[in-house]
Amino acid sequence: MEPKWKEQLELHRNQRREDIIQHAKQLFLEHGLTTVTLKDIVEACGISKVTLYKYFRSLDEIIFEVEIEILSAWLEKVNHATHQGDSGYEKLQFLLEEQILDSKGNKDAIRFIAMFDTLYQEEYPTPELENRYRSFLRGVPHPFLSSLQEGVNDGSIRQDIDVKAMGYTISNVVNATKQRMMLRGKLLHQDQDTDPAIVMRHMVDMILAYVKA
């Protein structure tokens, strides 16, 4: 059994690490990923750079940790929706409905993911962060893929689809549409004379109509 002081030290380290992530996240949302510096983060946290480097070696590493934390929270939420519905098709339907709700109340997360995608368009900054990020993505079940596969197995979803390709197609279409409607919805409503909520509704209906057996 670990001595109590070691448990307390580990708890303190975890709390400090999370504090750095949360302060950095707020700064990124307020000022953007390309403007915030390590100096800004240490000042916001009230720590020294020496202390910061005990937890993170670079600004990119902090950005990736914020991204992973946001995606983890999103995956936990949407995977909960997969428990609803009796068939794979119904579970996919609940998942997509959850995305409509998510687009209305999760603006900060959607905006951060959009900034992350913009910053790392062509390549990841280091092989270590690339491996860290991909290991995270591959280590969690993808909700769209699992629902599609269940639907193919139970006959509620078309048998002729490529589950992997379709799952990631749905994921990219949903995320891109959410980002655009959330971040530019007000102007798009004026430019196109179409409510963003209607766009999201049509997107969900088209996906469901396409995959239904």
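Once Rh for the chain is found with the Kirkwood sum over Cα pairs, what is the Stokes-Einstein diffusion coefficient at 37 °C and 0.692 mPa s, in µm²/s?
In µm²/s, the coefficient is 169.
Under 5 Å between amide hydrogens, which residues at least 5 positions from residue 213 or on another chain qualify, with H placed 1.01 Å from N in the peptide plane?
Close amide H contacts, sequence-distant or interchain: 157, 158.
Give me the Debye-computed log₁₀ of I(q)/I(0) at q = 0.12, 0.21 Å⁻¹ for region 101-213, equal point scatterers on Cα only, no solvent, two decimals.
So the normalised log intensities are -0.56, -1.20.
List the GluC sites (Glu not before Pro) in region 91-136 that DSSP assigns to loop (not H, G, I, E or B) and whose Cβ has at most 11 other Cβ atoms within 10 Å. Which are they?
When the GluC sites (Glu not before Pro) of region 91-136 are filtered for loop state and at most 11 Cβ neighbours within 10 Å, 122, 123 remain.
As a test of the definition: which semi-axes, in Å, follow for region 1-100 when you take the square root of five times each eigenvalue of its alpha carbon gyration tensor? Largest first, please.
With the √(5λ) rule applied to region 1-100, the semi-axes are 35, 21, 9 Å.
Of all trypsin sites (Lys or Arg not before Pro) in region 1-104, which ones are in loop regions per DSSP and have a Cβ with at most 16 other Cβ atoms within 10 Å?
Those that pass, being in a loop and sparsely packed, are 54, 57.
Of the cross-linked pairs 49/107; 91/164; 39/186; 6/54; 91/186; 4/54, which ones have a Cα-Cα span greater than 26 Å in the structure shown?
Beyond 26 Å: 49/107; 39/186; 91/186.
Quick one: length gained pulling residue 136 to residue 6 fully straight, 0.36 nm per residue minus the C-alpha distance?
Here the segment from residue 136 to residue 6 would lengthen by 44.0 nm.
Values in this text are rule-based calculations from the coordinates and carry no lab data. Source: prediction; values computed, not measured. Ideal geometry is used to build each Cβ from the backbone, glycine not excepted, and the neighbour counts take in all protein chains shown.
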